[in-house]
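Down below is the structure, laid out as structure tokens.
No value in this document is a laboratory result; all are computed from the given coordinates. Keep in mind it's a predicted model, so treat the numbers as computed, not measured. Positions of Cβ are backbone-derived with ideal geometry, glycine not excepted, and every protein chain shown enters the neighbour counts.
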Amino acid sequence: MTESTPKAKYRNDYQAPSHTISEVFLTFELNETRTKVTAISRVKQSGSSTVLDLDGDSIELASVSINGENWTDFEETATGLTLANLPSEFELKIVNYISPATNTALEGLYLSDGAYCTQCEAEGFRRITYFMDRPDVLAEYTTEIIADKSQFPFLLSNGNKIDEQDLENGFHSVTWHDPHPKPAYLFALVAGDFDVLTDKYVTRSGRDVALEIFVDKGNLERANHAMVSLINSMKWDEERFGLEYDLDIYMIVAVDFFNMGAMENKGLNVFNSKFVLANEKTATDTDYLGIEAVIGHEYFHNWTGNRVTCRDWFQLSLKEGLTVFRDQEFSSDLGSRSVNRINNVRVIRGPQFAEDSSPMSHPIRPEKVIEMNNFYTLTVYEKGSEVIRMMHTLLGEDKFQSGMRLYFERHDGTAATCEDFVAAMEDASAVDLKQFRLWYSQSGTPIVSVTDSYDEESKTYTLSVSQCTPVTHDQSNKQPLHIPFDVELYDKEGNIIELQCNGEVVSSVLNITEAKQEFVFDNIMGKPTPSMLREFSAPVRLEFKYSDEQLAFLMIHARNEFAKWDAGQMLLAKHIKTNVTNLKNGGKVELPSLVVDAFRGVLLNENCDPAFTAEALSLPSFNEVSGWYDQVDVDAVCDVLLGIKGILASELRDELLAIYNTTIQDNYSIEHQAIAKRALRNTCLQYLAKLPEQQNLVMDQYQSANNMTDTMAAMTAANSSSLSCRETIMQDYSDKWQHDGLVMDKWFALQGSNPAEDALQNLKECMNHPAFSLKNPNRTRSLIGAFLNMNPRRFHDKSGHGYQFAGEILKQLNSSNPQVASRLIDPLLKFKKYDEQRQQLIRVELDKIKSMDDLANDLFEKVSKALES
Ligand code: TRP
Ligand code: ZN
């Protein structure tokens, strides 16, 4: 909370810690409102200062002693505890109290539905005790937990269990020791009563690892997919990266109250239950794939994050960008590479590009931070992963893996920087990454513009390329980047032309390094069609004036599925833009037959993976389309997307129906082929639901579905097309699932994205549903998050009622859970994208928030940036 203006921290101000802490002994005497924490640390001065600054937040201090004696030379400040005149080496003992039951921010030690759990990243350990809460202070932890045995039979912490005792009055104590030195943000404690799914894994070198997944009582049969995913992760990291697990036990706890997806605490991951619990009746195929990805992500952190951690929080992308890259590769190796790539690229082109052009724009390694929680962003994670991927593209798999090995040789057991990572990649490969490093410090989305020309006489084909990064809110000076640009050329028959420059065969990955550059290819016998930025080889916007014919040609002939999909998206983009212009001039939505036929071709191509076909038929989202404009006409874009969907539905009706009817499956399985068929069939349903005479399909599917994927597809169709069966279906689902918050989240998300005119009124009523609570981040994100992010028509309603509602909710969340508030506010920060009237209405809400007297740092940082821009 802020009394005066919160202070920013700068990357360039980094200073090594004044002291080191080699060992910590923690004792927790758990109590709902007065948990007693005893922390004994072995501390050593590392510079010349005899003053030790400890971080602390919401701590009630009881006593301080040094080397066993009461110590009085200290001062409690607003942000911590300062000890002075200290000896050069000492044992520090701090006793303090904290209140888990009133901790609604879900940072530090809190209660989630009766179970104690912790969340310490980024700076939550300071809510547990006074400590050097920074990632470059690595200590060996021993943790004793004391609690009532019948209420809290499981007492868990990092590492291995070393002691267990029954105490008086029905209490017990369990002690854990983690042999791997770690920063405080990786500390974890859990206490509660759970059902446990156990298994074991034998590592490549033959060590046994006990695997334990803790879930709410009664949920055991929903934990199997998480366990399979964990075992697959362990195997994959050994095979692809040569990395083995390093403790005797790996625990995962699923909790219902959690601000993010999951947390990689050493040996004791804490997960949002959304990324653990699944069975065919409660979870969709997307949920299953999400669980696999997040289980993998947290497991892969054990090496990229925990064994090698971050020197300071500005280096967050060191572990997050790299670990996202690893989890994407894991999902791609186990499932469909092209479908994974398509979905990852959608995230970059949609929300990440939007972030890059928003008031919150920052490089993947930020320079200035007020609230660290605000920098767990799409830019740090997803663009960070693209930056790692570009290095992978430039080096190739073998050299990249040599780079990884060198990175671990140099930095295992330490806190490193992004620079350390790039240096290891460079040294191991001899690939020059000097200019490439700019990706770490420069924010914004580069635009790569290309023109081409063919010279009949010399048989040469030239690509003239220029790059430019538009100014962002945080940086006015932009330099040319090193952009790997993957290109393929096709002849008239659709054959690939080998790339030659000056008579020599060259790689398909061109190096764009200058503001303007020409690439001349020789021995080209006729004007080719270029396929560019293949595999999305760099996180940039590509500009090239393709004709409709060229794009339709690439949709058929491009050698891989990603390039086919991308051509289809470019074709749609052209016609979405044209239609938006036409609509504003009083025209109506139209689609030339060439476009319709191109998509008919996709539908009829039986050689493609049905999962890919489903992606190829999916229109870009409203949010992605918004990114193409400086100012977006909300109503026109919504109308055009709806109009195009309607045209494709009626023009392709016979094909869609035929596929819908032949892809039905009797039995449910989560094998890729089964998922793929469901994806295609349900994509067809979304189109068919636009045709009045086909709408009975939706109710039929809802009633006959034997799995949540098909149920949800029917509900989504009913909701987004406002069908007459919507009400009945929604009521039936709520009657059936009202006692299961996680399953109700899907229902809340539909209520939030309901395009009907009375949606906001209904949404307010949903907040009184017994399953809803603003205290639960999953519920809040489902209902309110969907309204702000997935309901452009109603959120941006000209009346301003949507904005007012958002402002009210944000004010409440600012006090109870600032982290959740801060994530929800993002759509409001982008007010400059809308017309004058809407801008004014949003500003009013931002001003109200800005003037709150208990405004948390999280919202302060974002709102003040947005209003000053
Ligand atoms: N390190 C976590 C991850 O990427 C992110 C995370 C989980 C987090 N919980 C958090 C970050 C709370 C900030 C605050 O997997
Ligand atoms: Zn992570």
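Compute the long axis of helix 337-347 from its Cα atoms, compare it with the longest principal axis of the Cα atoms of the chain, and write down the angle in degrees, 0 to 90, nearest 10.
Approximately 80 degrees, to the nearest 10.
Using label points projected 7 Å from each Cα along Cα→Cβ, tell me how many nm separate Glu606 and Lys775, to one decimal.
With each label point 7 Å from Cα toward Cβ, the separation is 5.8 nm.
Round to the nearest 0.05 the FRET efficiency obtained for Thr414 and Glu514 when R0 = 51 Å and r is the Cβ-Cβ distance. Working shown, then result.
Values: r = 37 Å, r/R0 = 0.72.
E(calc), rounded to 0.05, equals 0.85.
Among Pro359, Leu691, Gln569, flag the residue with its Cα farthest along the positive direction of the charge dipole of the chain, charges on Cβ as +1 for Lys/Arg and -1 for Asp/Glu.
Farthest towards the positive pole: Leu691.
State, as an integer percentage, the relative contact order of the chain based on alpha-carbon contacts under 8 Å between residues 6 or more apart. Show your work: numbers first, answer last.
Details: 1659 pairs, mean separation 74.9, N = 869.
Rounded, it is 9 percent for the chain.
Note the angle between two axes, namely the Cα long axis of helix 418-429 and the longest principal axis of the Cα atoms of the chain, as a number of degrees from 0 to 90, rounded to the nearest 10.
60
Enumerate the aspartates and glutamates that Lys434 could reach by cross-link, defined here as Cα to Cα under 19 Å, with residues fewer than 8 away along the same chain left out.
Reachable aspartates and glutamates: Glu386, Glu419, Asp420, Glu426, Glu514.
Which aspartates and glutamates, on any chain, are close to Lys235 with Cα under 14 Å apart, when same-chain ones fewer than 8 places away are left out?
Within the straight-line limit of under 14 Å, Lys235 reaches these aspartates and glutamates: Asp208, Glu244, Asp246, Glu292, Asp327, Glu329, Asp333.
What nm distance separates the two modelled labels at Gln165 and Lys832, each placed 7 Å from Cα along Cα→Cβ?
If labels sit at Gln165 and Lys832, their model points lie 6.2 nm apart.
For Val431, project a label point 7 Å along Cα to C-beta. Then give me every residue of the stretch 440-484 with its amide nitrogen under 17 Å of that point.
Within reach of a label on Val431: 440, 481-484.
Which order do the peptides 198-211, 277-290 take when ranked by the mean count of other beta-carbon atoms within 10 Å per residue, highest first? If you can, show how the numbers build up before the last one.
Numbers: 198-211: 12.9, 277-290: 19.9.
Result, highest mean Cβ count within 10 Å first: 277-290, 198-211.
For the pairs Lys516/Lys574; Lys368/Lys833; Lys775/Lys862; Lys516/Lys564; Lys399/Lys545, flag any whose C-alpha to C-alpha distance is greater than 30 Å.
Details: Lys516/Lys574 25 Å; Lys368/Lys833 25 Å; Lys775/Lys862 22 Å; Lys516/Lys564 28 Å; Lys399/Lys545 36 Å.
Flagged as over cut-off: Lys399/Lys545.
If we count other beta carbons within 10 Å of each Cβ, what is the order of Ile659, Ile388, fewest first? If you can, show how the numbers build up before the last one.
Working: Ile659 20, Ile388 26.
Fewest to most other Cβ atoms nearby, the residues stand as Ile659, Ile388.
Report the residues of the stretch 299-330 in range of a label on Arg405: point 7 Å along Cα→C-beta, backbone N strictly under 19 Å from it.
303-304, 308
Taking the chain as the reference, fit the longest principal axis to its C-alpha atoms, fit the long axis of helix 634-651 to the helix C-alpha atoms, and give the angle between the two in degrees, 0 to 90, nearest 10.
In the chain, helix 634-651 runs at an angle near 60 degrees to the longest axis.
May I ask you to compute the full-extension gain from Ser476 to Lys850, defined as 0.36 nm times their residue separation minus their alpha-carbon distance, rounded to one decimal in nm?
Numbers: separation 374, 0.36 × 374 = 134.64 nm, distance 2.57 nm.
Contour length minus Cα-Cα distance gives 132.1 nm.
Report, ordered by chain and residue number, the lysines lying within cross-link reach of Lys149, taken as a straight Cα distance under 20 Å and ignoring same-chain residues fewer than 8 apart.
Lys36, Lys161, Lys217
Let me check I've understood the local charge: for Cys725, count other residues with C-beta under 14 angstrom from its C-beta, Lys and Arg +1, Asp and Glu -1. What total comes out? Before the final figure, lay out each step's value.
Numbers: positive: Arg726; negative: Asp700, Glu727, Asp732.
After counting each charged neighbour, the total is -2.
Which FRET efficiency value, to the nearest 0.05, is calculated for Asp732 and Gln665 with the Förster distance at 35 angstrom and r the Cβ-Cβ distance?
About 0.95, to the nearest 0.05.
Rank the residues Thr393, Thr417 as a footprinting-exposure proxy: fewest other Cβ atoms within 10 Å of their Cβ go first.
Values: Thr393 17, Thr417 20.
Ordered from fewest to most neighbouring Cβ atoms within 10 Å, Thr393, Thr417 come out as Thr393, Thr417.
Compute the FRET efficiency between Thr50 and Lys368 as 1/(1 + (r/R0)^6), taking r as their Cβ-Cβ distance and R0 = 22 Å, and round to the nearest 0.05. All intermediate terms of the calculation are to be shown ahead of the outcome.
Details: r = 31 Å, r/R0 = 1.40.
Calculated value: 0.10.
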